[in-house]
Amino acid sequence: DAVESVLDQARWTARDLALTRGSGGLDGEALVVTAIDPSGLALVALNASFRSSEYPAIAWSATGVSGQSDVRLLWSSDYDASRVHSVPLAVESGRLLPVSLARDPNWVGRITGIALAIRGPLAQPLRVSGVVAKPMGAVQIVGDRIDEWLALESWSGSSINTVTGGA
């Protein structure tokens with residue numbers, strides 16, 4: 001699979017992702033989900049191969065996520081290849097928050113695939129630019145906090161008194 005290792009993290013771009021349910025396509029550097037399928041689901045999948053113990057955190061880079069949607073991380077592993085496991089993902093300001101699976105009893109073995117499942121209404125097209133599997137060591141956490149602090153965010157016109165969260 002096409003995995004790029006940067007600072008001990010595994011990173012995949014939109015070109016590595018497949019929209020297996022719902023409709024949309026690639027638009028520049030993002031996979032754009034424009035509609036859910038008739039059953040009410042959109043699914044963005046990735047064939048992966050990494051050890052769960054080395055990468056206990058997953059961070060999807062997505063914008064335009066509705067707070068009204070049920071968004072879940074799905075995964076399969078070689079430990080129990082017949083099952084697909086899932087955890088809910090939190091949405092903050094239209095973006096997905098990273099999830100730590102270090103204490104999830106199903107996050108074991110070699111991860112063979114991960115997916116982003118969106119159930120519910122899409123208020124606007126969802127743009128997925130990639131996904132990162134992170135080791136979450138001290139260096140990784142400090143680097144993430146520095147990146148968050150220095151990230152350029154365009155002004156949305158919101159008052160500083162009402163803004164919660166951030167990119």
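The values are calculated or read from the model by the stated rules, or taken from the named source; none is laboratory data. A quick note: this is a predicted structure, and the numbers were derived from the prediction, not measured. Note: ideal-geometry Cβ built from the backbone for every residue, glycine included; neighbour counts use all protein chains shown. Remember, those area values only see protein heavy atoms, side chains included, never the ligands or the DNA or RNA. Shrake-Rupley method; radii C 1.70, N 1.55, O 1.52, S 1.80 Å.
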**Matching residues, the range 18-46, being exposed (fewer than 15 other Cβ atoms within 10 Å of the Cβ), out of contact with any Leu (no Cβ under 8 Å at 6 or more places or on another chain) and of a type outside the set (S, T, Y)** = L26, D27, G28, E29, D37, P38, G40
**Message:** Can you find, within the range 95-153, the residue that is nearest to T13 (Cα to Cα) among those that are at pLDDT 95 or above and hydroxyl-bearing (S, T, Y)?
**Reply:** S129
**Message:** Just to confirm my filter: which strands (runs of 3 or more DSSP E) fall fully inside the range 14-85 and include at least 3 residues that are within 18 Å of G113 (Cα to Cα)?
**Reply:** 18-21, 41-51, 57-63, 70-77
**Those residues of the range 90-122 which are more than 12 Å from the chain's Cα centre (by Cα) and either closer than 19 Å to A35 by Cβ or hydrophobic (A, V, I, L, M, F, W, C) (or both), in sequence order** = G94, L101, A102, W107, V108, I111, R119, G120, P121, L122
**Message:** Among (1) surrounded by 14 or more Cβ atoms within 10 Å (Cβ to Cβ); (2) farther than 19 Å from A123 by Cα; (3) out of contact with any strand residue (DSSP E or B) (no Cβ under 6 Å at 6 or more places or on another chain), there is one condition R15 misses while meeting the rest; what is its number?
**Reply:** (1)
**Complete:** Of the conditions (1) open to solvent by less than 50 Å² (accessible area, probe 1.4 Å); (2) under 13 Å from L116 (Cα atoms), the single one that Q9 does not satisfy is (2)
**Request:** Can you tell me which residue among S93, S52, S61, S69 is within 12 Å of V128 (Cα to Cα), among the small types (G, A, S) and buried (at least 16 other Cβ atoms within 10 Å of the Cβ)?
**Result:** S61
